[in-house]
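Just so it is clear, none of the values below were taken in a lab; they were calculated from the coordinates. Since the model is a prediction, treat every value here as computed from it, not as a measurement.
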Amino acid sequence: MVSVPQPHPNGAVSVPPPDDPSWELHERLRSIRKVRWIDYPVATAAVERLTKLIDGPQTHRPPCCLIYSDTNNGKTTVCLKFARDINGTAESDAGECAEVPVLMVQAPAHPDIGGLYDAFLRRLNAPYLATARADRKYDQVLRLLPQVGVRMIVIDEIHHILAGKVDQRSIFLNSVKALSNELRIPIVAVGTQDALRTFQTDQQLGNRFEPFHIPRWTIGKDYALFLARLCEAMGLQQESNFHSRQLVSRFHTMSEGLTGETWKLMTAAAETAITSGKEAIDTELMEHLPWIAPSERRKTWKPL
């Protein structure tokens, strides 16, 4: 068993100095928690779809897309990866916007179109009056986005609009469609299955926002390869056998086939493998790993 850095009473983990024997362990644990991009077929297909949209010709009715999946299944990560690749170094380290081809924001907590315009302006560090009418913010957005080279808008968590009434949702979504028409750029909405049903209740929106589904993983070669690549990135000193169907099945059952849960599970398993000195992940380690499956968490949750 390896000594693990202990937390302070306030909850913060103490960081050992570089000459401390536990420094290397601290750095290894910190490294495996870093966000990494691990490519897999559905993610590649999603990025290709977004690339096709942003590279398409400008038209008065640009094609748009709705990327949907279960929660914590990688849809936001895919869009962030795409935005980083396209935007590159267009934005300075100071956060000042020089050029932002992909403008990615989160939908407001309820269908407030003025709140969406606020999100655009905040993302671009543009001064604006929060109390201004939505139409004035709209005019500012129409002037500013072409100036910073926006060629695509990505609205994450679009299912937030379900918190509003039907007429509020309709106004919000019609305003989003109008923005796409006015700027002649594609808009990508990102959300859950509930968002898909909302878009498909309106024939025009359903036709305009072509759905792209990111499904849960099934047990097979692609999932085993994803696990192997993810484990490799964790930097364990011994090889883990992801050719084992038993080990792959264990990961699939515990994560319920969700990409985000698989990532969290692998991180927890790697931390245990390192701190125990085992340096590899196997079924025995997984059997003793403290873990509650996503569906079980929802069952045990109780409102305050």
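Principal axis lengths of region 198-304 from Cα atoms, whole Å, largest first?
Dimensions of region 198-304 along the principal axes of its Cα atoms: 58, 39, 22 Å.
Over region 41-154, what number does the Rg to Rh ratio reach, with both radii from the alpha-carbon atoms and Rh per Kirkwood?
0.96
Would you kindly calculate the translational diffusion coefficient of the chain, applying Stokes-Einstein with the Kirkwood radius from alpha carbon pairs, for 20 °C and a viscosity of 1.002 mPa s, and quote it in µm² s⁻¹ without decimals?
Working: Rh = 21.8 Å.
Rounded, D is 98 µm²/s.
Counting only helical runs of four or more DSSP H residues, what would the 222 nm mean residue ellipticity of the chain come to if each run contributes -39,500 (n - 2.57) and the total is spread over all its residues? Let's see the in-between values first.
Details: 13 runs with 147 residues, N = 304.
One gets -15000 deg cm²/dmol as the mean residue ellipticity at 222 nm.
Can you give the direction-averaged projected area of the convex hull of the alpha-carbon atoms in region 88-198, in nm²? Don't jump to the answer; show the numbers that get you there.
Working: hull surface 27.9 nm².
Mean projected area for region 88-198: 7.0 nm², to one decimal.
Semi-axes of the equivalent ellipsoid for region 222-273, please: Cα gyration tensor eigenvalues, times 5, square-rooted, ordered largest first, whole Å.
On the way: eigenvalues 48, 32, 19 Å².
Equivalent ellipsoid of region 222-273: 15, 13, 10 Å, largest first.
Seen from all sides and averaged, what is the projected area of the convex hull of the Cα atoms in region 163-256, in nm²?
On the way: hull surface 37.1 nm².
Quarter of the Cα hull surface area: 9.3 nm².
Evaluate the relative contact order of the chain (contact order divided by residue number), counting alpha-carbon pairs under 8 angstrom at least 6 apart; express in whole percent.
Working: 416 pairs, mean separation 68.9, N = 304.
Relative contact order, the chain: 23 percent.
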